[in-house]
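Beneath this line is the structure, given in structure tokens, with notes to follow.
The values are calculated or read from the model by the stated rules, or taken from the named source; none is laboratory data. Just so we're clear, the structure is a prediction, and the values are computed from it rather than from any experiment. Because the Cβ atoms are built from the backbone with ideal geometry, glycine has one as well, and the counts that use them run over all protein chains shown.
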Amino acid sequence: MTSQPNILATPSSSHARPELGPALFKKRKKSNLTLIKAKYEQVATRKTQSNNYEPELGGTKFTDSPVIELPVRTAVLSLQQDNGSLHVGTSVWPCSLVLVKFAERWAPPSPDAQNPYPNLLDFHGKRAVELGAGCGAAGMGLFLLGLTDLVLTDIPAVMPALKHNLKRNKPVLGKTLKHAIVHWNKAADQAKSLSPPYDVVVATDVVYIEETVGPLVSTMEALVKDDGVVLLGYQLRSPEAHQLFWEMCERVFVIEKVPHQDLHPDYAYEEADVFVLRKKQKGGLTQDAAPDSL
């Protein structure tokens, strides 16, 4: 694992669209990435046009939207999107899939004797919370990999999509996963009800609006244990939000970037990365973790 990468040197996200994993998006579903990117751009445009912008849920027309299938070991999650909504949280975004498949590759029991992440991805006995869960892909996928003490959170506008998918995948999961409403700008007030701190905080594709960056970083810091980790699936969405997010993270966390070759080979999208964030020790003293201790 690469420690303290030069995050702020990351170029603008103008790359070609990443190729989609063949096991995930069949040919008929490849247009889905175009759909959700177009939806993101629509929401982002509206955000820049109005200071009073509020994301909204445009109805629960799940049957009109593409279904994403995510294989996790012997199970298959079926994720129904609401692409009729004008809220970005009701679509499945690539980073959630990248994070789950990275964890699947290395989580115990991993067949690779040279597993560089035996402790990081051993979820036995760990408590976790997901921020910005959206349709629930990351949380449900990690649940199937052993992160069973988990609560998925998002804002009220996204809850119909999250609840819909939790119910849809109950036969695969064996239960309805815990979920809760969390506003990042009210995390301090809501923290007690969530019973922090957590061993693992999960967040994927959550950095896209500059105004939410400060509350997001504060929420991650408030919820994660001093010796816990934030598992972050990340893709550059907004240069301004990107710059501010990593500047704020560097004040609070030791940042480690998973090498691209360690991602699942079918889900190593060019634009998506996985990061591990750990709280800096008090007094500013930090030690970079050796790969075999992760």
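When the residues of the range 202-248 are narrowed to those that are of a type in the set (Asp, Glu) and either assigned to a helix (DSSP H, G or I) or in contact with a helix residue (DSSP H, G or I) (Cβ under 9 Å, 6 or more places away or on another chain) (or both), which ends up surrounded by the most Cβ atoms within 10 Å (Cβ to Cβ)? Full working, then the answer.
Looking only at the range 202-248, we keep the residues that are of a type in the set (Asp, Glu), and these are 205, 210-211, 221, 226-227, 240, 247.
Next, from what is left, pick out any that are either assigned to a helix (DSSP H, G or I) or in contact with a helix residue (DSSP H, G or I) (Cβ under 9 Å, 6 or more places away or on another chain) (or both): 205, 210-211, 221, 226, 240, 247.
Details: 205: 26, 210: 16, 211: 13, 221: 19, 226: 10, 240: 11, 247: 13.
Applying the filter and picking the extreme gives 205.
Given the conditions (1) crowded, with 19+ Cβ neighbours inside 10 Å; (2) more than 21 Å from residue 222 (Cβ to Cβ); (3) touching a residue at least 40 places away in the same chain (Cβ under 8 Å), which single one is not true for residue 166?
So the condition that residue 166 fails would be (3).
Name every residue in the range 201-244 that is within 22 Å of residue 124 (Cα to Cα) and over 16 Å from the mean Cα position of the chain (by Cα), in order of residue number.
Going residue by residue through the range 201-244, those that are within 22 Å of residue 124 (Cα to Cα) are 201-204, 220, 223-233.
Across the range 201-244, the qualifying residues are 225, 226, 227, 228.
Residue pairs, Cβ under 6 Å, 6 or more apart or interchain, first in the range 209-221 and farther than 18 Å from residue 280 by Cβ, second among the charged types (D, E, K, R) and modelled with pLDDT of 95 or more. List them.
So the pair list comes out as 210/240.
Of a type outside the set (Lys, Arg) and farther than 20 Å from residue 139 by Cα: is that true of residue 241 in this structure? Before you say what the answer is, go through the steps one by one.
Working: of a type outside the set (Lys, Arg): yes; farther than 20 Å from residue 139 by Cα: yes.
Considered against the rule, which asks whether it is of a type outside the set (Lys, Arg) and farther than 20 Å from residue 139 by Cα, residue 241 comes out as yes.
Check the range 52-69 and report whether any residue there is at pLDDT below 95, among the basic types (Lys, Arg) and either over 30 Å from residue 261 (Cβ atoms) or buried (at least 23 other Cβ atoms within 10 Å of the Cβ) (or both).
Checking the range 52-69: at least one residue is at pLDDT below 95, among the basic types (Lys, Arg) and either over 30 Å from residue 261 (Cβ atoms) or buried (at least 23 other Cβ atoms within 10 Å of the Cβ) (or both).
Collect the residues in the range 133-168 that are touching a Gly at 6+ places or on another chain (Cβ under 9 Å) and aliphatic (A, V, I, L, M), keeping them in residue-number order.
Selection gives 133, 138, 147, 150, 151, 152, 155, 157, 158, 161, 162, 166.
Kindly establish whether residue 177 is in contact with a helix residue (DSSP H, G or I) (Cβ under 8 Å, 6 or more places away or on another chain), aliphatic (A, V, I, L, M), within 22 Å of residue 280 (Cα to Cα) and in contact (Cβ under 8 Å) with a residue 12 or more places away in the chain.
On the way: in contact with a helix residue (DSSP H, G or I) (Cβ under 8 Å, 6 or more places away or on another chain): yes; aliphatic (A, V, I, L, M): yes; within 22 Å of residue 280 (Cα to Cα): no; in contact (Cβ under 8 Å) with a residue 12 or more places away in the chain: yes.
When the stated conditions are applied, residue 177 does not pass them.
Is there a residue being in a helix (DSSP H, G or I), charged (D, E, K, R) and at pLDDT below 95 anywhere in the range 174-187?
Let us first name the residues in the range 174-187 that are in a helix (DSSP H, G or I), namely 184-187.
Of the ones still in play, those that are also charged (D, E, K, R) are 186.
Of the ones still in play, those that are also at pLDDT below 95 are 186.
Yes - at least one qualifying residue is present in the range 174-187.
Of (1) under 14 Å from the mean Cα position of the chain (by Cα); (2) more than 24 Å from residue 262 (Cβ to Cβ); (3) basic (Lys, Arg), residue 175 satisfies all except one. Which?
The one condition residue 175 does not meet is (1).
Would you check which residues across the range 86-102 are of a type in the set (A, V, I, L, M, F, W, C), touching a strand residue (DSSP E or B) at 6+ places or on another chain (Cβ under 8 Å) and either in a loop (DSSP other than H, G, I, E, B) or more than 12 Å from residue 68 (Cβ to Cβ) (or both) and list them?
Here is the first cut: in the range 86-102, the residues of a type in the set (A, V, I, L, M, F, W, C) are 86, 88, 92-93, 95, 97-100, 102.
Next cut, touching a strand residue (DSSP E or B) at 6+ places or on another chain (Cβ under 8 Å) only: 92-93, 95, 97-100, 102.
Answer for the range 86-102, where residues must be of a type in the set (A, V, I, L, M, F, W, C), touching a strand residue (DSSP E or B) at 6+ places or on another chain (Cβ under 8 Å) and either in a loop (DSSP other than H, G, I, E, B) or more than 12 Å from residue 68 (Cβ to Cβ) (or both): 92, 93, 95, 98, 99, 102.
For a quick check of your reading of the model, give me the residue pairs whose first member lies in the range 110-124 and is under 12 Å from residue 229 (Cα atoms), whose second is assigned to a loop (DSSP other than H, G, I, E, B) and small (Gly, Ala, Ser), with beta-carbon atoms closer than 6 Å and at least 6 apart or on different chains.
Correct list of pairs: 121/107; 123/146.
So, in the range 250-287, of the ones that are at pLDDT below 85, exposed (fewer than 12 other Cβ atoms within 10 Å of the Cβ) and not aliphatic (A, V, I, L, M), which residue ends up nearest to the chain's Cα centre (by Cα)? Can you show your working first?
Taking the range 250-287 as the starting set, the residues that turn out to be at pLDDT below 85 are 282-287.
Remaining after also requiring exposed (fewer than 12 other Cβ atoms within 10 Å of the Cβ): 282-285, 287.
Still in the list and also not aliphatic (A, V, I, L, M): 282-284, 287.
Details: 282: 27, 283: 30, 284: 27, 287: 25 Å.
Of everything passing the filter in the range 250-287, 287 is nearest to the chain's Cα centre (by Cα).
Quick check: is even one residue across the range 144-165 in contact with a Ser or Thr (Cβ under 7 Å, 6 or more places away or on another chain) and more than 27 Å from residue 88 (Cα to Cα)?
no
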